[in-house]
Amino acid sequence: MPVKWVLYWQPNQGSTVSTQILNEAAQCAESINGVKEGRWKATLNYYKPMLRDQSNHPDLPRDFLGISLADQPSKYYFIIRSQRIVVEADASIQLIMEKLQSYKSKVSLYFDGFQYQLGDFRLRVGRVVPVHSESIRGIVMEVEYLPISSVEKARKVMEEFVEIWHEALSKRSLSGKFVNTELNFGEFGLGDHYTPQHTGVQYAIVMAHMIATVQPVVRG
Amino acid sequence: MECVVQGIIETQHVEALEILLQGLCGVQRERLRVHELTLKSVPNLGVVSSEVRLLCDLDQQPEPTWTVKHVGGAMRGAGADQISVMVRTMIESKVSKNALRMFYSLGYKLDHELLKVGFAFHFQRNAHISVSVSSVNKMPKIHAIDEAVPVTPGMQIVVVTAPATPENYSEVAAAVSSFCEFLAPLVHLSKPFISTGVVPTAAAAAASLMSDGGGTTL
């Protein structure tokens, strides 16, 4: 599977994320000869433990999330970032979780937007919105380098692409930038050969950073 | 959802049963070596206490594969009583090898574990039917599969299952029931938790199958 980086939009201090930035990013992709290929969508669920006695709180993770990726419609990925755990499962695992009734999905988010082909790169730019809401909470960007599956081998060419992207986007005078989170896949038991589990982990890290650094949004 | 029946057979008759199944199923048998871990939620976790099974297929190459399984309650009522097989909810999902660690982190503890060793046949006969014949083994120490010993020496368990849906479970149940009649000379199959013991004439049936060299056409 090709190596993918997942970046997120980090607004400058005092700025907010908005649909305008998403539109600018999309136009930027087209301006560097990106060919629009269609839409993409992913879904992320934050799970919370269900406790019979609220006063008695066993030591349970607060960062348990599940994600359904656009590239893997029959699969589902669980990540517990604090424990460095990532699990790939069939999509039917969601039914099992419902039957167990030990954890419930309390917050669900969609990632959706457009996909572009740029030579050997595939770019996806998308907004982050809560389910049943149109309020944009963030913007993510996936950069995929199709010829290479090795995380290390792809690093240099990915860095160069991101540099070109930053340069192209800087001409639009937006107050913020796309940020790549450096993470050690090895801590999650993942190797150099890229897999959808690597993508799941990146989304978990990106969401953690987004929650910590992005200000609450204005509509639109 | 699945239809399921099970029964017990003396180990000495398993070879005869295998010959019978080979003739009936028309497929190659598959080795079965599954480490089954049953996990239960810690106190206070969940609306109700919950249980989940993790199955590790030790015979897969290049490395063992894992499945998570949730078995639900059996269908009840007059309709269920009239069906000779158990119909129950069952959901499975393949998972990557970290699943056990994940469930431990989520507040699930190991309740018990078993090692099932034997063989299975998977075939199509008006339904997708699976028959497994295995010894059930317990471990003296946690996860010590190499030291597993039979729970009931001299006896093995036969399980027949077939996936079903709310729309077709009657037909699937009939297919399973019909198939089980062929096994009646050697093993009596019934709903789980309703024990009927071994077949008293199994020895004679086994002798007949074995002396025939396995060439009996059924």
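The values are calculated or read from the model by the stated rules, or taken from the named source; none is laboratory data. The shown structure was predicted, so the numbers you read here are calculated from the model rather than taken from an experiment. Note: ideal-geometry Cβ built from the backbone for every residue, glycine included; neighbour counts use all protein chains shown. The protein model used for the area step is the full one, side chains on, heavy atoms only, and it has no ligands, DNA or RNA in it. Shrake-Rupley method; radii C 1.70, N 1.55, O 1.52, S 1.80 Å.
In whole Å, what three semi-axes, largest first, describe the equivalent ellipsoid of the protein assembly as shown built from its Cα gyration tensor (square root of 5 times each eigenvalue)? Can you show the working numbers first?
Details: eigenvalues 543, 107, 80 Å².
So the three semi-axes of the protein assembly as shown are 52, 23, 20 Å.
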**Request:** Largest first and to the nearest Å, give the Cα extent of segment B:167-210 along each principal axis.
**Result:** 41, 23, 10
**Overall Cα dimensions of chain B - principal axes, largest extent first, Å** = 55, 44, 31
**Asked** Over segment B:1-128, what per residue volume does the convex hull of the Cα atoms give, in whole Å³?
**Response** 149
**Request:** Compute the accessible area per residue over segment A:25-88, keeping the other protein chains in place, probe 1.4 Å, unit Å².
**Result:** 50
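Report the FRET efficiency, 1/(1 + (r/R0)^6), for B:ALA144 and B:PHE193, where r is their Cβ-Cβ distance and R0 is 30 Å, rounded to 0.05.
Numbers: r = 28 Å, r/R0 = 0.94.
Efficiency at R0 = 30 Å is approximately 0.60.
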**Request:** Just subtract the alpha-carbon distance of B:ASN168 and B:SER49 from 0.36 nm times their residue separation and send over the number in nm, one decimal.
**Result:** 39.8 nm
**Request:** Enter the mean number of other protein chain beta carbons within 10 Å of the beta carbon of each residue in B:87-94, as an integer.
**Result:** 4
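Return the ratio Rg/(2.2 N^0.38 Å) for segment A:1-108, where Rg is computed over Cα atoms only. If you can, show how the numbers build up before the last one.
Numbers: Rg = 18.2 Å, N = 108, 2.2 N^0.38 = 13.0 Å.
That ratio works out to 1.40.
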**Complete:** To the nearest 20 debye, segment A:88-219 has a Cα-centred charge dipole, built from +1 on Lys and Arg Cβ and -1 on Asp and Glu Cβ, of 600
**Request:** Could you tell me, in Å, what Rg and Dmax come out for the Cα atoms of segment A:82-167?
**Result:** 17.4, 49
**All-pairs alpha carbon distance profile, segment B:106-158, 5 Å steps from 0, percent** = 5, 18, 19, 17, 15, 12, 10, 4, 1
**Fill in**
Expressed in nanometres to one decimal, the distance between label points 7 Å along Cα→Cβ at A:SER149 and B:THR65 is 1.8
**Item:** Label point distance in nm, A:ILE211-A:GLN117, each placed 7 Å from Cα along Cα→Cβ
**Value:** 3.7
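State the percentage of accessible surface on chain A attributable to carbon and sulfur atoms; use a 1.4 Å probe and exclude ligands, DNA and RNA.
Working: 4740 of 10130 Å².
Exposed carbon and sulfur together represent 47 percent of the surface.
Normalised by the empirical 2.2 N^0.38 Å for globular proteins, what value does the Cα Rg of segment A:91-220 take?
On the way: Rg = 16.8 Å, N = 130, 2.2 N^0.38 = 14.0 Å.
Against the empirical 2.2 N^0.38 Å value, I get 1.20 for segment A:91-220.
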**Request:** Would you mind computing, in nm to one decimal, how far apart the modelled labels at A:SER82 and B:GLU36 are, each placed 7 Å from Cα along Cα→Cβ?
**Result:** 3.4
**Message:** Checking a compactness column here: for segment B:142-188, what do you get for Rg(Cα) / (2.2 N^0.38 Å), N being the number of residues?
**Reply:** 1.70
**Fill in**
Residues hit by the 50 Å² burial cutoff in segment A:98-113, accessible area with a 1.4 Å probe, assembly against chain on its own, are A:LYS99, A:LEU100, A:GLN101
**Residue-averaged [θ]222 nm for chain B, counting only DSSP H segments that reach four residues, each worth -39500 (n - 2.57)** = -6500 deg cm²/dmol
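Averaged over peptide B:68-80, how many Cβ atoms belonging to another chain are found within 10 Å of each residue's Cβ?
Values: counts 7, 1, 8, 1, 1, 0, 0, 0, 0, 0, 0, 0, 0.
Whole-number average of other-chain Cβ neighbours for B:68-80 is 1.
Compute the projected area of the convex hull of the Cα atoms of segment A:11-67, averaged over all viewing directions, and report it in nm² to one decimal place. List each step's numbers first, then the result.
Working: hull surface 30.1 nm².
Average projection, Cα convex hull of segment A:11-67: 7.5 nm².
By the gyration tensor of its Cα atoms, with a ≥ b ≥ c the square roots of the eigenvalues, what is the shape of segment A:132-209: rounded for a/c under 1.5, prolate for a/b over b/c, or oblate?
Note, shape of segment A:132-209 comes out oblate.
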